[in-house]
Structures are given as structure tokens and as C-alpha cells.
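What follows draws every value from the coordinates through simple rules; no lab data is involved. Everything quoted here is computed from the prediction, not taken from an experiment. Reconstructed Cβ throughout: ideal geometry from the backbone, glycine too, with neighbour counts over all protein chains shown.
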Amino acid sequence: ATVGVELDDFATTIAGIAPLFASGSDAGTSFKVFLQRLAPTSKPAKKAMADLGILTEEAGNRFFDASGNLKDMGEIAKILNESMSGLSEQQKNVALSTIFGTDAMRAAAGIAKLGADNFSDVSSVMQELGVNVDEAAAMMKDGATAFEVLQGRMAETSAADNAATRMDNLRGNIEILQGVIEAIGIQIGDQFLPLVN
């Protein structure tokens, strides 16, 4: 919320990139750093973003609107995907590493994939999303992305029901315990950090 990400955008993004990480906390940390790096602070990051057309003289930083507010994650995913199109895997790795750093590189790559057009014909949109012909045609015209599809599917499900089902087992209980232990470890580390410096 502090940086302007709506809860449904956050949930969709984490759900979309989570398979790239060993844990949800890793995905969350990577996403946090990704958000911090959308406004570049280093010269190499600014240059890399300019080379990809993300920073321009006319539009400024394409991740933000004219008022300086962060665009929604669907738009950011699409911008990332478009800016990476035509690059080799090596070029993508260099660009993502330069802009987002190693902590957020996987999140950026996953978000860029979420910005890809997801459908090639109207019938697949209708079948996948359960919409009528007119809605499907409009989505095809606008380019329905993987992010939008995932967000639509998530809107159809109850987060509370899914969370209860997921956590109502031993693995869920262990995951909750690990999260608590990790949070305590961070708090303890924060207390001793000033003494180390």
C-alpha cells in the first residue's frame, strides 16, 4: 500500500511469481525489492531502463502515471514484457540484473512473463474465462495478458476458503510456524545489528 500496490494486484502478482521461488517469503522479499527498483537510483539502472524504452524524455518513467503514481501491476507487467521482447535470454538477464539487482531479478522476470498476451483467438478466451463473444473480442483487441487472466480467476475464488483449505493440514501448520520463527529471527537480528556496526 505504501508504494501504491492494490491488494488484488499484490495477491495476483505473488500468485503468478510464487512458482519461481522456494518459499512465499522469498517471493515477497523479491517483489518488495522489485517495487523499490521501479524508480531507478543508479546510473546503470537508469541507462538500462532508457535503453529498453522504459525511461523516455516524453513520458518519463512508464511505470508511473503523469502524477507520479505507480501504475497497476497488470500495466507494469505488460510494459516489462514489451520492453524485453526481442532480447536474447542473456540480454534479458543483464538488463534485469542491472535494473532490479539479484534480489529482484526473478520477480521481474516472472512479472514480465505475466505481461505476455495469453490468447491467440476469441474461442480460447471464451473457454478459458467463461465470457461471451463480445467480451472475448474486446479482450483480444486489448490483448488479454496472463496477469489479467490470473487476476480474473482469483476474483472468482474466495481467498478465505482457499487459505483455510491450504492451512488446514500439517504442512500448513508447519508453514505458519516457520513464518513466526523467521519473523522472530529478523526482529532479533535487527536488535543486534547496531552493535555489529
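What's the FRET efficiency of ASP51 with ASP8 using the Cβ-Cβ distance as r and R₀ = 41 Å, to the nearest 0.05?
Once the sixth-power term is evaluated, E becomes 0.80.
If a/c stays under 1.5 just call it rounded; otherwise compare a/b with b/c (prolate if a/b is bigger, oblate if not). Do that for the range 1-43, with a ≥ b ≥ c from the square roots of the Cα gyration tensor eigenvalues.
Oblate shape, in that a/c is at least 1.5 and b/c is the bigger or equal ratio.
Can you tally the net charge around PRO40? Count Lys and Arg as +1, Asp and Glu as -1, for every other residue whose Cβ sits under 10 Å from the Cβ of PRO40.
Details: positive: ARG37, LYS43, LYS46, LYS47; negative: none.
Result for the neighbourhood of PRO40: +4.
Taking the Cα centre as origin and putting +1 on Lys and Arg beta-carbons and -1 on Asp and Glu beta-carbons, what dipole magnitude results for the range 1-112, to the nearest 20 debye?
Values: 10 positive and 13 negative charges, 82 e Å.
Roughly 400 debye, rounded to the nearest 20.
When Lys and Arg each count +1 and Asp and Glu each count -1, what net charge do the other residues less than 14 Å away from GLY86, Cβ to Cβ, add up to?
-2
Quick one: what are the phi-derived ³J(HN,Hα) couplings along the range 60-67, Karplus 6.51/-1.76/1.60 with θ = phi - 60°, whole Hz, x for glycine and proline?
Per-residue couplings from phi come out as x, 8, 5, 6, 10, 7, 4, 8 Hz.
Any idea how far apart SER97 and LYS43 come out in nm if each label point goes 7 Å out from Cα toward Cβ?
Each label point lies 7 Å from its Cα, and together they span 2.1 nm.
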